[in-house]
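Participant: Questions regarding the structure given below will be posed in turn.
The values are calculated or read from the model by the stated rules, or taken from the named source; none is laboratory data. Bear in mind that the values here come from a model prediction, so they are computed numbers and not experimental data. All Cβ positions, glycine included, derive from the backbone under ideal geometry; neighbour counts span all protein chains shown. In case anyone asks, the SASA skips ligands and DNA or RNA and just uses the protein heavy atoms, side chains included. Shrake-Rupley method; radii C 1.70, N 1.55, O 1.52, S 1.80 Å.
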Amino acid sequence: MRLDGKVCVIAGAGSPRGIGYATAKLFSQHGAIVVLTDIVMTDGLVDGLREEIGDPAAPAPVGIRCDITDYVQCEAMMDDVVARFGRFDCLINSAGIVDGRPFLEIDDAMFDRMSTVNLKGSFNLCKAALRVFNANRSGVIVNISSAAAQRGGGLVGAAHYAASKGGVISLTRAIAREFGPRGIRANVICPAMIETDMLNGVNEEQQKSIVEAIPLRRLGTPEELAGTCLFLASDFSGFITGATIDVNGGTHIH
Ligand SMILES: NC(=O)c1ccc[n+]([C@@H]2O[C@H](COP(=O)([O-])OP(=O)(O)OC[C@H]3O[C@@H](n4cnc5c(N)ncnc54)[C@H](O)[C@@H]3O)[C@@H](O)[C@H]2O)c1
């Protein structure tokens, strides 16, 4: 078991087809006590995950609703986790929104919304987690950015999405630098074209032409992202911090 007894908060775990949910499942299978959090959270989702794990001996996952744009909610959620389990070891931040409209159609409200959820939301979650990690002198953060941040959008997310995700890379690097001396690691993953609800707006024809341009000639799976999160959360990556990990099938090689 790679994460035996570790308490892991996974933000953006509210969609059964999403990266966060797949990560929650894999982490549970590796012995973690998993806290799923999302702006959309139901008992049914957590019960469904428990059934999918299918191991009565595995620690029961827990769901806590939290809007990551509100720092107060993030802090209350983390406090709840520490109160329930007496420890908190790892934050995976997979919450986010996407939008693909052309630059000149991005209005103030849309730009602000994108920045508030993707960038400020990441800041809120990391800050709320780091209060605990800093006191404990240990902890792991994995943020999910996007290949859009590296290549200037151009797939599903447009300029406002790419910019918000670029901020997530910078934020993660700054955390790694500032909190490394406290024994805390922070890394960021840049995925591209993972088969989740985030691709719902892409029609079949668009998807086909996108896949033709991916060296591995297929979309990625949420499970492949979950595997990367597991590596980064576990001691196998104990000397890795401030890294940007590409999980993109070769879409962006640099
Ligand atoms: N799917 C891809 O191809 C792809 C590519 C690059 C990056 N990503 C990133 O991966 C992450 C996971 O995306 P996914 O593909 O699993 O899509 P998803 O839509 O299934 O997951 C995103 C989750 O974030 C939640 N969320 C949105 N706003 C929130 C808020 N204010 N507070 C709390 N939760 C909120 C949603 O409810 C949803 O469950 C996102 O950050 C996304 O930008 C995905």
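Participant: If you roll a 1.4 angstrom probe over the protein chains with everything in place, what fraction of the accessible area of region 7-247 belongs to carbon and sulfur, to the nearest %?
Facilitator: 53 percent
Participant: Still on this model: How much FRET efficiency would the formula 1/(1 + (r/R0)^6) give for Arg137 and Arg177, where r is the Cβ-Cβ distance and R0 is 22 Å, rounded to 0.05?
Facilitator: The pair Arg137/Arg177 has a calculated efficiency of 0.85.
Participant: Give me the distance in nm between label points sitting 7 Å out from Cα along the Cα-to-Cβ direction at Lys127 and Asn200, one decimal.
Facilitator: Roughly 3.1 nm, to one decimal.
Participant: In addition: Taking K and R as +1 and D and E as -1, what net charge do the other residues with C-beta under 12 Å from the C-beta of Gly242 add up to?
Facilitator: +2
Participant: Per residue and in cubic angstrom, what volume does the convex hull of the Cα atoms of the chain have?
Facilitator: Hull volume over Cα atoms, normalised by residue count, gives 123 Å³.
Participant: Same structure, new question: Which of the listed residues, Val211, Gln150, Gly14, is farthest toward the dipole's positive end in region 7-247, when Lys, Arg count +1 and Asp, Glu count -1 at the beta-carbon?
Facilitator: Projecting each Cα onto the dipole axis, the largest value belongs to Gln150.
Participant: For the chain, what is the calculated [θ] at 222 nm in deg cm²/dmol (nearest 500), taking -39500 (n - 2.57) for each run of four or more DSSP H residues and dividing by its residue count?
Facilitator: -13000 deg cm²/dmol
Participant: Under a 1.4 angstrom probe, counting protein chains only, how are Lys165, Lys6, Lys127 ranked by accessible area, largest first?
Facilitator: Result, largest first: Lys127, Lys6, Lys165.
Participant: Here's something else I'd like to know. Collect residues whose amide H, placed 1.01 Å from N in the peptide plane, falls under 5 Å from the amide H of Glu195; neighbours closer than 5 in sequence don't count.
Facilitator: For Glu195, the qualifying residues are Gly220, Thr221.
Participant: I want the local charge near Met193. Using Cβ-Cβ distances under 13 Å, sum +1 for each Lys or Arg and -1 for each Asp or Glu among the other residues.
Facilitator: 0
Participant: Skip the ligands, DNA and RNA, and give the accessible area per residue of region 1-132 with a 1.4 Å probe, whole Å².
Facilitator: 45 Å²
Participant: How many lysine pairs are close in the chain, with Cα atoms under 21 Å apart and the two 8 or more places apart or on different chains?
Facilitator: 4
Participant: OK, next. Quick check on packing: order 247-253, 141-147 by the mean number of other C-beta atoms within 10 Å, highest mean leading.
Facilitator: Per-residue Cβ counts within 10 Å, averaged per peptide and sorted highest first, yield 141-147, 247-253.
Participant: Next question, about the same structure. Note down the nm distance, to one decimal, between modelled labels 7 Å out along Cα→Cβ at Leu104 and at Asp55.
Facilitator: 5.6 nm
Participant: Dipole of the chain (Lys/Arg Cβ +1, Asp/Glu Cβ -1, origin at the Cα centre): which of Ala135, Asn93, Val40 lies farthest to the positive side?
Facilitator: So the residue furthest toward the plus end is Ala135.
Participant: Out of Val81, Val34, Val202, any idea which swings most in a Gaussian network model of the chain, alpha carbons joined below 10 Å?
Facilitator: Val202
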